[in-house]
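Report on the following structure.
FYI, it's all coordinate maths here, none of it is from the lab. This is a predicted model, so every value here is computed, not measured. Cβ sites come from the backbone with ideal geometry, for glycine too, and all protein chains shown count toward neighbours.
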Amino acid sequence: MLVLLHLFALFLLVLLGFYVFVADPRQRSNQTFAAFILFLALWTTKDLVFWNFHDEAFGEGWWVAASFIIAMLMQFALSVFAWVFPENARTPRKRAAVLFAPGLILIPTALFGLLWTRVGFENGAFYIELSPLAYLFVAYVYFVYFFGTGVLYTKYRRFKRTQMGQQVGAILWAVVITGVLKTFANIILPYFDDYRLLPYSSIFVLPGVIIYAYAISNFRLFSLQTALDQFRLFPLTYKVALSIASVAIFSFFVFQVPIAWWAFRNGMDFEAWRKYLVFSVVSALVPNLLLLLLIVRTVSRPLQRITVAAVSVTEGNYGTEADLRKSNDEIGLLADSFNEMSRKMAADIEKLRSMNDQLLRSDRLAAIGTLAAGVAHEVNNPLAAISSMVQMLEREARSNGNDIEQHALILEQIDRIKRVTKDLTDFARLRPAAKTRTDINEVIRSSIRLAAFDAEFQKLELELHLAEDMPEVFADADQLQQVFLNLFLNARDAMQGKGLLRVATMVSGGKVVAKVSDTGSGMTESAQRHVFDPFFTTKPAGRGTGLGLAVCYGIVTAHGGTIDISESGPRGTTFAVSLPIDTK
């Protein structure tokens, strides 16, 4: 019965220490708790060996020395915990050195057997006689115990009525309960030569340890929510520990027990031990290979795939993803984060490429605009003189009754050249926009009224979907009117006077968006790439200069907005104009 209690206590201690430590290995309080549990586990192990498998050949002195030393180390761990919890503070090294310095003298006294004069078993009953130095050792251990308890009590008063105060208060209860039970079993009763509870002293620490762990885990130990959280995020450490424990248990029952029965069935002689040792070594290879396979499958293979994907990204294959089976551990989170990062990197680089294309286009537009201004100036002056001379010739011919058809053709071609130079001048003009708070819906309505004077435009079907309560934009209404009028007339030409023109406004992504859609024949991919370039046009010769959309692009970008083709296909084209909302 006693051996089962010791095994249960040892198992529970290891489980609690591992659970609390893995929950947050970087937290100093969790590290100190794990150290405290380690000393308790050593205490339980020595009791397990001594009280259940006592061997007279080894004597009893080792147990007494281990008891004194481990008791001191546990109080050291308690004091360190009191310093670091709950603020995750650093241990004051100088104070710790002063407090723990006597241990450098007292530990050797235990190792050399100076703390007792007589120890052993008499008529099956345990007895021990301590030296005066042992009482000094015990007094020092209790001094460290009360010191750590006092530090915790001071922090409890500081954090009272807070979550941290409740945690410290619970730990104080755990320390007091453990101290009282251990004192009663290890000090008070043995002082009166009653050693009946001494073998159970390691069991008495369990209530305090459970409260201790419960408080450190912020009162979430054994809670349903904590179990669900651990199931959702199953740390890699848990998986490795579970794999090792499973393989160890599997190996013990499947290999070690049968081998031990087979080897020792006829007695424990030299040949039996030889059989047991040889076949134990052989049987250990199978579980070790199984354990290696589990670790490779859990750790090595996923990390290798993530590494290959990372190398591929560094070689320029942006968007590469690590192909892993979905898992709820750190490697699974790492893979998901890496894949998300790779996808965002690919999207960002594509966005940068698009921005670079826009910058190149803007630079090209600026250069062409400067050139266009000079060309228009140089052409307009001769054209004005030629136009005046042709008009004089036309008046003379009309007064003489001559045919003036050739004169009319000349004037028509001059007007055409003037339109080109006017578009060039408008395109190159750098006059500052007269920006005011502007209602985009009103600009669209006024543009439609102007376009309605065109006979071909009147033949189109018109659908308006203008959102109500649209936020205003800070813009030049005349320039925006020029943009929309140009888009409307381009839609008219694309539909050749027959089709549906749809205009819609909305708010999207913190911007005002206006979409102009037609039901024309659409554009090719090549045309879409060059549609905003100066002098590019899909219209027949003589029907357009190729500067209208370039002017629109310059106006919209000067307002901090964007203009692009949101969709184009056999059923028509949609231009989207986005402008920032006025926040002034």
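When you work out D = kT/(6 pi eta Rh) for segment 59-110 at 37 °C and 0.692 mPa s, using the Kirkwood radius from C-alpha pairs as Rh and the Stokes-Einstein form, the result is 268 µm²/s. When both segment 161-223 and segment 473-516 are represented by their alpha-carbon centers, they are found 77 Å apart. Estimated from the Cβ-Cβ distance and a Förster radius of 22 angstrom, the FRET efficiency linking Ala272 and Ala57 is about 0.60. Pairs of C-alpha atoms in segment 93-184 farther apart than 15 Å represent 72 percent of all such pairs. For a straight C-alpha distance cut-off of 18 angstrom, the aspartates and glutamates reachable from Lys498 (same-chain residues fewer than eight places away being disregarded) are Asp454, Glu456, Glu461, Glu463, Asp518. The label point for Asp193 and the one for Leu285, both projected 7 Å from the Cα toward the Cβ, are 6.0 nm apart. With 31 Å as the limit on Cα-Cα distance, the pairs of Lys351/Lys435; Lys435/Lys459; Lys326/Lys511; Lys459/Lys515; Lys344/Lys511; Lys418/Lys459 that go past it are Lys435/Lys459; Lys326/Lys511.
Compared with the direct C-alpha span, the chain from Asp469 to Ser312 gains 51.6 nm at full extension, assuming 0.36 nm per residue. Directionally averaged projected area (segment 1-147, Cα convex hull): 9.9 nm².
Which value in nm describes the separation of the simple spin-label points at Val507 and Glu442, placed 7 Å from the Cα toward the beta carbon? Each label point lies 7 Å from its Cα, and together they span 1.8 nm.
Net charge near Ser67, counting Lys/Arg +1 and Asp/Glu -1 over other residues with Cβ under 9 Å of its Cβ?
Values: positive: Lys46; negative: Asp47.
Residues near Ser67 contribute 0 overall.
With the cut-off at under 13 Å, measuring from each backbone N in segment 305-322 to a point 7 Å along the Cα-to-Cβ line of Ala347 picks out 319.
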